[in-house]
Amino acid sequence: MATATPSRSVDPTRGRQAVAAWVLALPFMALFLVFTAGPVLASFGMSFTDIRSADMRTPFAVSFVGVDNYLDLIGNPLFRKVAFNTVLYVVLGVPLTMGIALAIAVGLNRITRLRGFFRVGYYLPVITSIVAVSVVWKFLYREDGGLFNTVLSWVSIAGPGWLDSTALALPSVALMSVWRNFGALMVIFLAGLQTIPKEMNEAAEVDGAGGWKRFRHITLPMLRPTLLFGAVITGIGYLQFFEEAYVMTHGGPLDATRSVSYFTYDQFSFGNYGLASAASYLLFLAVVLLTAAQFRLLRSKD
Amino acid sequence: MTTTMTPAAGVAADAPVPADRGRDDRRTPWWLWLVLGLGLALMLVPFAWMAISSFKPDSEVVAVPPTWWPETVTTENYELLFTRLDFPTYFLNSTLVALAVTVGNVVFGAMLGYALAKLDFPGKRVIFALVLMTLMVPGVVTFVPLFVLTSNLELTNTLPGIFLPFMAGPFGVFLMRQFIMGLPDELIQAARIDGAGELRIFASVIMPLCGPAMATLGILTFLTSWNNFLWPLVVAQTEDKYTLPVALALYATGQNATKYGLLLAGAVVVVIPVIAIFLALQRYIMQGIAMTGIK
């Protein structure tokens, strides 16, 4: 059947195909250019101007200020603080999310009964609203009468006010994110684990390799591309954290949970559109750099 | 590979599975069940506490020492949400926005996905690269110019202002393109030989085969839109345009922050529909995957 079309280069339907393709592409591309690609470029342009909310109706009549907005940000102690908070959030959140997701995935890969049930249960928080989950966790974290401190009091530990302390607030918010997000990675890792041929593990077992050795020398190397993918999407997500802090702490105490996204939102609310755009582009840059770094880190051993 | 097997061979290949399953579970150590069970409890306890406590009066939600089961059962929180506050409107807004976003992404994503997967046209590579690149762009990058744009289009504080910017996302195109690339070219060539026009091929040959991919994309898009927060927060300025997460977040941080029972009931209203959809369609999705897997 395949030999019925000898020369593909003179495909008579090529012109009609191109017309149809453009008709099919048109609705998406129109919306995409106006509401996504256009704003991405406009934001970049705005970051080099002094545009404010008062210039709303005349966005092209603003002054070019070069890299002033970027210099302002770098010199701004609050921006440096929120940048540090954001990095800390990623550093705490990504390894913990990856580790728990991998552990549960390996565990679920060893059982067959109830596997689907467990998978649904662990995945459940992923699909729920961050706002709603944050409202609930704010209660669980209360110093007096909160569920976590009540459990701790059973073993005679007087738990702190998790969200009231400048030192604990950010890790506490990050912990909630780990709880909410690891299920998504777990499902991806479990799918990856199931592509590893059983024979490899069985052969290694016959050769006398123990559970840890098999995990270290078979599972981890085979799972490397999946782990890379998981690290990249989790990192991109955590760099943008905002809603959790907005609901649980309003960025406090003393800006301890304010993130770069939160800072951008604040500057937008104050009407500093140019500065907000510059801050958002620095976040974009961080996303690109983190992604590139993770590719190098997890790919290098191949 | 498996498609070339005779039915008998297929059955024979499946036969060892039950035996294998039994052996696997006998080798599972008891502590693994314990860890998995405790972990699952940790996932579900916050939701259980939320649902149970939404039937407590405010004072009992924050009582010291706390109660697990309510001492006084009350439906007052829900009555307040649905009668004095405008949660029916927020619920309707969230639903309309999520439906519009879902239809847009599934239909437009399938159309462009098909063009990118199976048709030959100038500009194809540029479009695909452009769409893929925006997968990495953080949400905060676009929202400032987007707000200027919607203001000038007079769309702030309207529902179209909330859903229009999200109707054409890169994820849908990517997913549909990957799925359609897996469909055999022969189907399209045969339809062309039969004289079908290009758009007709898309509508009556390709679309009917895209059910599983469109279901997956549709569910994921609906859930993402339902939970979306930043953009609706910026665009919706009066209460009648709030979506559920916006209303809940503003109650939780505003004057109603001490109406504890109300906040929990609100969280239940935001979360329960999503959990119901997920649990209901989870089985359907799994079945779909299993069926296409056997074929």
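The values are calculated or read from the model by the stated rules, or taken from the named source; none is laboratory data. Keep in mind the model is a prediction, meaning the values are calculated, not measured. Virtual Cβ from ideal backbone geometry, glycine too; neighbours counted across all protein chains shown.
Restricting region B:110-123 to residues that are more than 7 Å from every other protein chain (Cβ to nearest Cβ) and either on the phi < 0 side of the Ramachandran plot or charged (D, E, K, R) (or both) leaves a set whose member that is surrounded by the most Cβ atoms within 10 Å (Cβ to Cβ) is B:Gly113. B:Asn93 meets the conditions (1) within 13 Å of chain A (Cβ to nearest Cβ); (2) crowded, with 23+ Cβ neighbours inside 10 Å; (3) assigned to a helix (DSSP H, G or I); (4) touching a residue at least 40 places away in the same chain (Cβ under 8 Å) in every case but one. The failed one is (1).
Just to be sure before I move on: is A:Asp266 within 12 Å of another protein chain (Cβ to nearest Cβ) and of a type outside the set (Phe, Trp, Tyr) in the structure I sent? If you could, list the steps in order and put the result at the bottom.
Working: within 12 Å of another protein chain (Cβ to nearest Cβ): yes; of a type outside the set (Phe, Trp, Tyr): yes.
Yes; evaluated as a whole, the condition is true for this residue.
Return the residue satisfying two criteria in turn: it lies in region A:110-165 and is crowded, with 18+ Cβ neighbours inside 10 Å and charged (D, E, K, R), and of such residues it is modelled with the lowest pLDDT. If we take residues in region A:110-165 being crowded, with 18+ Cβ neighbours inside 10 Å and charged (D, E, K, R), then A:Arg119 is modelled with the lowest pLDDT. Filtered by the rule that a residue be facing chain B (nearest Cβ under 7 Å) and either over 22 Å from A:Tyr238 (Cα atoms) or in contact with a strand residue (DSSP E or B) (Cβ under 6 Å, 6 or more places away or on another chain) (or both), region A:117-138 gives A:Phe118, A:Val120, A:Gly121.
B:Trp231: out of contact with any Phe, Trp or Tyr (no Cβ under 7 Å at 6 or more places or on another chain) and either surrounded by fewer than 16 Cβ atoms within 10 Å (Cβ to Cβ) or at pLDDT 90 or above (or both), yes or no?
Values: out of contact with any Phe, Trp or Tyr (no Cβ under 7 Å at 6 or more places or on another chain): no; either surrounded by fewer than 16 Cβ atoms within 10 Å (Cβ to Cβ) or at pLDDT 90 or above (or both): yes.
No.
None of A:Ile74, A:Ile111, A:Ile104, A:Ile100 is touching a Ser or Thr at 6+ places or on another chain (Cβ under 9 Å) and among the β-branched types (Val, Ile, Thr) except A:Ile111.
Going by the conditions given, is B:Val140 within 9 Å of chain A (Cβ to nearest Cβ), in contact with a Leu (Cβ under 8 Å, 6 or more places away or on another chain) and closer than 22 Å to A:Asn272 by Cα?
yes
Determine if region A:72-80 includes at least one residue that is outside any helix (DSSP H, G or I) and more than 7 Å from chain B (Cβ to nearest Cβ). Spell out how you get there, then give the answer.
Here is the first cut: in region A:72-80, the residues outside any helix (DSSP H, G or I) are A:76.
Still in the running and more than 7 Å from chain B (Cβ to nearest Cβ): A:76.
Yes, there is a match, as at least one residue in region A:72-80 is outside any helix (DSSP H, G or I) and more than 7 Å from chain B (Cβ to nearest Cβ).
In contact with a strand residue (DSSP E or B) (Cβ under 9 Å, 6 or more places away or on another chain) and in contact (Cβ under 8 Å) with a residue 12 or more places away in the chain: is that true of A:Phe64 in this structure? Considered against the rule, which asks whether it is in contact with a strand residue (DSSP E or B) (Cβ under 9 Å, 6 or more places away or on another chain) and in contact (Cβ under 8 Å) with a residue 12 or more places away in the chain, A:Phe64 comes out as yes. Which of the residues spanning region A:20-51 are exposed (fewer than 15 other Cβ atoms within 10 Å of the Cβ) and more than 7 Å from chain B (Cβ to nearest Cβ)? Selection gives A:Leu26, A:Ala30, A:Leu33, A:Leu41. Checking each residue in region A:246-270 for being over 16 Å from B:Trp231 (Cα atoms) and not hydroxyl-bearing (Ser, Thr, Tyr) picks out A:Met248, A:His250, A:Gly251, A:Gly252, A:Pro253, A:Leu254, A:Asp255, A:Ala256, A:Arg258, A:Val260, A:Phe270. Of all residues in region A:48-91, those being out of contact with any helix residue (DSSP H, G or I) (no Cβ under 6 Å at 6 or more places or on another chain) and among the β-branched types (Val, Ile, Thr) number 6.
Filter region A:119-131 down to residues that are touching a Leu at 6+ places or on another chain (Cβ under 6 Å) and either over 15 Å from B:Asn227 (Cα atoms) or without any contact (Cβ under 8 Å) to a residue 60 or more places away in the chain (or both), then give me how many there are. Full working, then the answer.
Taking region A:119-131 and keeping what is touching a Leu at 6+ places or on another chain (Cβ under 6 Å), we get A:121, A:127, A:131.
Filter once more, so that each one left must be either over 15 Å from B:Asn227 (Cα atoms) or without any contact (Cβ under 8 Å) to a residue 60 or more places away in the chain (or both): A:121, A:127.
The number of residues fulfilling the criteria is 2.
The helices (runs of 4 or more DSSP H) falling completely within region A:196-302 that include 1 or more residues that are modelled with pLDDT under 85 and surrounded by fewer than 14 Cβ atoms within 10 Å (Cβ to Cβ) map to A:198-206, A:211-214, A:220-239, A:273-299.
Here is a yes/no grid of residues against (1) touching a Cys at 6+ places or on another chain (Cβ under 9 Å); (2) of a type outside the set (A, V, I, L, M, F, W, C); (3) more than 19 Å from A:Tyr246 (Cα to Cα):
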site: A:Leu108; (1), (2), (3): no, no, yes
site: A:Phe118; (1), (2), (3): no, no, yes
site: A:Tyr123; (1), (2), (3): no, yes, yes
site: A:Val133; (1), (2), (3): no, no, no
site: A:Leu190; (1), (2), (3): no, no, yes
site: A:Val206; (1), (2), (3): no, no, yes
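Can you say whether B:Ile206 is part of a helix (DSSP H, G or I), under 18 Å from the mean Cα position of the chain (by Cα), within 11 Å of another protein chain (Cβ to nearest Cβ) and farther than 24 Å from A:Val34 by Cβ, as far as the supplied structure shows? No, not satisfied.
Criterion first (without any contact (Cβ under 8 Å) to a residue 24 or more places away in the chain and not assigned by TED's automatic domain parsing to the domain that holds B:Pro70) does B:Ala213 satisfy it? Working first, answer last.
Numbers: without any contact (Cβ under 8 Å) to a residue 24 or more places away in the chain: no; not assigned by TED's automatic domain parsing to the domain that holds B:Pro70: yes.
Criteria not met by B:Ala213.
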